[in-house]
Structure formats: structure tokens, C-alpha cells
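Taking it in order: structure first as C-alpha cells, then the write-up.
Just so it is clear, none of the values below were taken in a lab; they were calculated from the coordinates. Please read these numbers as outputs of a predicted model, since none were measured by experiment. So basically every Cβ, Gly included, is an ideal-geometry build from the backbone, and we count neighbours across all protein chains shown.
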Amino acid sequence: MPAMRTLDFLDGTTFTVSHDTCRGCFMNDHEHELPAILAPVLDDGIITVRQDAEWAVPRFMIVGIRPHLGSIGQIPLDLAHRLATVMHVVRQAMDEFPDICAVQTYQEEKLDRPHYHTWMLPLWKSTMDRHAINPRIYESSIPRYLELFEYRHRREAIERCAGRIRGFLRSSDLLRRQGFLPRTPHVESHPGSRRRGGVSVPCV
Ligand SMILES: [Zn+2]
């Protein structure tokens, strides 16, 4: 029997998968089995924006891609441009809430089977102040910050915030002009799909 591991989700849902399963590809290929709260706020068939799968920080958005590509350097340039456009608008959406004092953007390449995605983590000032959170990278207490948001107390806020961001993105003239809206058909993560939403993506 192959080695197994568990994929944990913010609402307590878990999936037991083979050890070499990529979380990004799993989420892409099992979209209908994921907690409803993770429904994308933007999905053009290649780029997805959704609440973080593990942490219950409201407005914590993950900008990901469906194809299994590991780094920004491996992504076709036109798709890299589209990613930057999406992050530009998502960051603007964060400014709707005055209590968000900054947004930390992280792009961590995992050592093992990296699947490109970027964290856009809002720093809620009231929570930061209450718990003396230091977000500076060399002395960061961001791991502690993430744990301060309990799903059972934040579920409604997460849903409300996701709805607000979805509305903001759908009303974006920039995204509409560039063809992000409406959503194009779902594509698979794995080899076989060569053309996705008007952008050519190599099979990997
Ligand atoms: Zn993957």
C-alpha cells in the first residue's frame, strides 16, 4: 500500500490521499467535493481566486492556477501577465475594509512538487493590535496570527468577505476588458488539455 497523507481543510474536512498527491491538483480535480466555502470568487478556467483552504482568516485569498506549473518562471508569459492583473484587482478589493492595514503577499515554492499559488493575506489591524502581532519577515509572528481565527467563529465573515470580493471582481472593468469575465469552462490539471480559456498552456 502506498504511503498516504491527509489534506486538511478549514472547516474540518479531510481527505486521505497518496503521499505524492499535489494539493493544488487535488483541489482542481475534486472541485465538487471541496467545502462550499472554498468556491472560487474568480475562475477564468485557468486562474482561480478563493479563500485559503486551511486558514480561517476572512479575505485571505489564494491566487492559483489550475495547470501544475511550479514557479512563475515556468508560466507562459501571457499567463504571468494575467496573474499580475488579477492580483492587482484583488489587492484593490482588500481596500474596501479600513480595518485591513496591509496585505502580505507570499509566493512559497515548495521543495516537493510545487504548484504555483500566491497568498494574499490581509492584516486585520484590530487583531494585530490586540495580540501584538509583528508581520516583519525576520521577526514574524504571522504563524500565531493565522491561528487566531477560528473557523466556527469566522465562517459567516469568510462567506460575507468572499461575496464582497466576488462582487468587486465581477464589477471590474479591467477584468472584463481583458476577458476574465464570465468564467470559461473548467479544465483539468493534468496532461491532455492544451488550450484553456484562450491561453496556451503547455502540458506538464
Ligand atoms: Zn499540482
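Remarks
- Result for the chain in a Gaussian network model with C-alpha springs under 10 Å: among ALA132, ALA39, ALA162, the largest mean-square fluctuation is at ALA132.
- From the Kirkwood radius over Cα pairs of the range 1-83, Stokes-Einstein at 25 °C and 0.890 mPa s returns a whole-number translational diffusion coefficient of 177 µm²/s.
- Taken about its Cα centre, the range 34-184 carries a charge dipole of about 340 debye when Lys and Arg each add +1 at the Cβ and Asp and Glu each add -1 at the Cβ.
- Loop-resident GluC sites (Glu not before Pro) (DSSP state other than H, G, I, E or B) in the range 89-143 with no more than 14 further Cβ atoms inside 10 Å of their Cβ: GLU96, GLU108, GLU109.
- Radius of gyration and maximum dimension Dmax of the chain, Cα, Å: 16.9, 52
- From helices alone, the chain scores -9000 deg cm²/dmol at 222 nm; the rule is -39500 (n - 2.57) for each run of n ≥ 4 DSSP H residues, then divide by the residue total.
- Pairwise FRET efficiency - ARG177 versus PHE15, Cβ, R0 = 25 Å, nearest 0.05: 0.05
- Likely footprinting exposure, THR118, THR48, THR13, fewest C-beta neighbours within 10 Å first: THR13, THR118, THR48
- Near SER141, the amide H atoms lying under 5 Å from its own belong to ASN134, ARG136; only residues 5 or more places off or on other chains count, and H is placed 1.01 Å from N.
- Fewest neighbouring Cβ atoms within 10 Å first, the residues HIS19, HIS68, HIS115 line up as HIS19, HIS68, HIS115.
- Trypsin sites (Lys or Arg not before Pro) restricted to the range 85-135 and DSSP loop, no more than 13 other C-beta within 10 Å: LYS110
- Modelled label reach - GLU139, point 7 Å along Cα→Cβ, the range 110-129 residues with backbone N closer than 14 Å: none
- Most mobile listed residue (ASP20, ASP52, ASP95) in the chain, GNM with C-alpha springs under 10 Å: ASP20
- Directionally averaged projected area (convex hull, Cα atoms, the range 110-156), nm²: 4.9
- Dipole orientation for the chain: of the candidates THR13, ILE65, ALA36, ILE65 has the Cα lying most toward the positive pole (charges on Cβ; Lys, Arg +1; Asp, Glu -1).
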